[in-house]
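Undergrad: Take a look at this one; I'll ask things after.
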Amino acid sequence: MTPKSRPPGQSSRSLNASSYKYASPVIQQSVLSLLRRAFSAVYSDPETLANTIQAVKAHLYARDYAAAFESCDYLLAYAVRWSSSRALAYLHVLGDLCPHIRQVLTSTPNEKKNILCIGGGAGGEVLALATLANDLRAKNVNILAVDIAHWDDVFVRLRDGIRRGLGWDKNGDGDDIANDSIQLKFTQMDILDVPCYLEEADVTTGLESAGDAPEPEGCNDSFNDRVDFSSLDIITILFTTNELFAQSRPRTLTLLRYITDNCKPGTLLLVVESAGSYSHIQIGSKTFPVQFLLDHTLVDGGARWEKVVDDDAVWFRVDGAVLKYPLQLENMRFFLRMYRRM
């Protein structure tokens, strides 16, 4: 397991962050350069972009996620402002801190590896996964991002930028791909709109009151046609858990139970979220950290998952003096959980 509460790069073996391959400035700069080329038109009006970023930031601070992602301009501003730092942090997590991810990507080259990125429309985890899979020369990797917001335009720009930037596109045409072993797709959907809720008597976690049990309205019967959980090898929920719980705590808990019931043994579930009080959930008169709620739901009481990576305070810092990017890059502090389905 990962040691507790340390900045990235500080382990029992080394105090130098550059000892981590995927936190090296060279790789980080290549990711930022790819992102900048993919969204070159977005940077053309710095004043308008700055004002849009401030509007998005205000909505995020108020936890009004629907407002933060309500327009195409907001989505593009979010992608260039926040997906940059997120992609760097995610690549470090995926490539350096979670060796199980690399093992899945490089195992059985002739078999498909299916990855679901819940809340991945902004593209940070897609860019990180594509960069890692490309570096590992992984084969037959399918990456599907799903998100409640309409990230289609953002995702197409990023996907085509990844194809060009990683040399997959022979002629600069997004449909003519040299490397078809790594597929990138996006589907707009509400992941909480699961097809079948669990029996009402079985849905509570011991932290919920009877009045919090989810109701079966709004089920989407075509959900399984779009996401086959039984085929997944990796699921990521990166800086999306708070949004899911804000949207509906009961339905989020139901989703976790649904994932548990439908994933095959060996499936990896990676969760990254802000550390500290921002990720606390109010249940009745008590407040719980999100990671406690996740552990309680997935691991405690024989819930069929085991924690294979566990860190409550990972620090990820960027070197702004070395890295070149037109917008601010953020240091990040987050908790990290990786669960493996037993």
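The values are calculated or read from the model by the stated rules, or taken from the named source; none is laboratory data. Because the structure is predicted, anything quoted here is derived from the model rather than measured. Here the Cβ is made from the backbone with ideal geometry for all residues, glycine too, and neighbour counts use every protein chain on show.
Undergrad: Looking only at segment 272-292, which residues are touching a strand residue (DSSP E or B) at 6+ places or on another chain (Cβ under 8 Å) and assigned to a loop (DSSP other than H, G, I, E, B)?
TA: Once the filter is applied, which keeps residues that are touching a strand residue (DSSP E or B) at 6+ places or on another chain (Cβ under 8 Å) and assigned to a loop (DSSP other than H, G, I, E, B), segment 272-292 yields 275, 276.
Undergrad: When you look at residue 341, is it crowded, with 17+ Cβ neighbours inside 10 Å, in contact with a Gly (Cβ under 8 Å, 6 or more places away or on another chain) and of a type outside the set (A, V, I, L, M, F, W, C), yes or no?
TA: Details: crowded, with 17+ Cβ neighbours inside 10 Å: yes; in contact with a Gly (Cβ under 8 Å, 6 or more places away or on another chain): yes; of a type outside the set (A, V, I, L, M, F, W, C): yes.
So residue 341 fits the description; yes.
Undergrad: Give the residues of segment 36-56 that are farther than 20 Å from residue 150 by Cβ and assigned to a helix (DSSP H, G or I), sorted by residue number.
TA: The answer is 36, 37, 40, 43, 44, 46, 47, 48, 50, 51, 54.
Undergrad: State which residue is farthest from residue 119 (Cα to Cα) when the search covers only segment 222-273 and only residues that are among the acidic types (Asp, Glu) and out of contact with any Leu (no Cβ under 9 Å at 6 or more places or on another chain).
TA: The initial filter retains those residues of segment 222-273 that are among the acidic types (Asp, Glu), namely 225, 228, 233, 243, 261, 273.
Right, trim to out of contact with any Leu (no Cβ under 9 Å at 6 or more places or on another chain) and you get 225, 228, 243.
Working: 225: 18, 228: 17, 243: 9 Å.
In this case the residue turns out to be 225.
Residue-wise test of (1) assigned to a helix (DSSP H, G or I); (2) farther than 22 Å from residue 68 by Cα; (3) of a type in the set (S, T, N, Q).
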site	(1), (2), (3)
236	no, no, yes
245	yes, no, no
255	yes, yes, no
270	no, yes, no
294	yes, yes, no
300	no, yes, no
309	no, yes, no
325	no, yes, no
334	no, no, no
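Undergrad: Within segment 311-342, track down each residue that is closer than 15 Å to residue 236 by Cα, of a type outside the set (D, E, K, R) and in contact with a helix residue (DSSP H, G or I) (Cβ under 7 Å, 6 or more places away or on another chain). Talk me through it step by step, then tell me what you get.
TA: From segment 311-342, those closer than 15 Å to residue 236 by Cα are 334-341; that's our starting set.
After this cut, where a residue has to be of a type outside the set (D, E, K, R) as well, the list is 334-336, 338-339.
Residues satisfying the conditions are 335, 336, 338, 339.
Undergrad: Where residues in segment 165-176 are modelled with pLDDT under 60 and within 23 Å of residue 32 (Cβ to Cβ), which of them is nearest to the chain's Cα centre (by Cα)?
TA: This residue is 174.
Undergrad: Report, by residue number, each residue of segment 287-323 that is surrounded by fewer than 12 Cβ atoms within 10 Å (Cβ to Cβ), without any contact (Cβ under 8 Å) to a residue 12 or more places away in the chain and either at negative phi or in contact with a Phe, Trp or Tyr (Cβ under 7 Å, 6 or more places away or on another chain) (or both).
TA: 287, 321
Undergrad: Moving on. For residue 69, work out the one condition from (1) more than 14 Å from residue 325 (Cα to Cα); (2) over 17 Å from the mean Cα position of the chain (by Cα); (3) aromatic (Phe, Trp, Tyr) it doesn't fulfil.
TA: (2)
Undergrad: Could we say that residue 330 is surrounded by 15 or more Cβ atoms within 10 Å (Cβ to Cβ) and among the acidic types (Asp, Glu) here?
TA: Against the criterion (surrounded by 15 or more Cβ atoms within 10 Å (Cβ to Cβ) and among the acidic types (Asp, Glu)), residue 330 qualifies.
Undergrad: Can you tell me which residue is nearest to residue 26 (Cα to Cα) among those in segment 299-310 that are touching a helix residue (DSSP H, G or I) at 6+ places or on another chain (Cβ under 8 Å) and modelled with pLDDT of 95 or more?
TA: 309
Undergrad: Would you please list the contacts, defined by Cβ atoms under 6 Å and residues six or more apart or on different chains, that run from a residue in segment 31-54 that is polar (S, T, N, Q) to a residue that is surrounded by 13 or more Cβ atoms within 10 Å (Cβ to Cβ) and at pLDDT 95 or above?
TA: 52/73; 52/77
Undergrad: Of the numbered conditions (1) surrounded by 23 or more Cβ atoms within 10 Å (Cβ to Cβ); (2) within 20 Å of residue 26 (Cα to Cα), residue 79 fails exactly one; give the number of that condition.
TA: Among (1) surrounded by 23 or more Cβ atoms within 10 Å (Cβ to Cβ); (2) within 20 Å of residue 26 (Cα to Cα), the lone unmet condition for residue 79 is (2).
Undergrad: Any residue at all in segment 136-155 that's without any contact (Cβ under 8 Å) to a residue 12 or more places away in the chain, in contact with a Lys or Arg (Cβ under 8 Å, 6 or more places away or on another chain) and farther than 26 Å from residue 315 by Cβ?
TA: No, segment 136-155 has no match at all.
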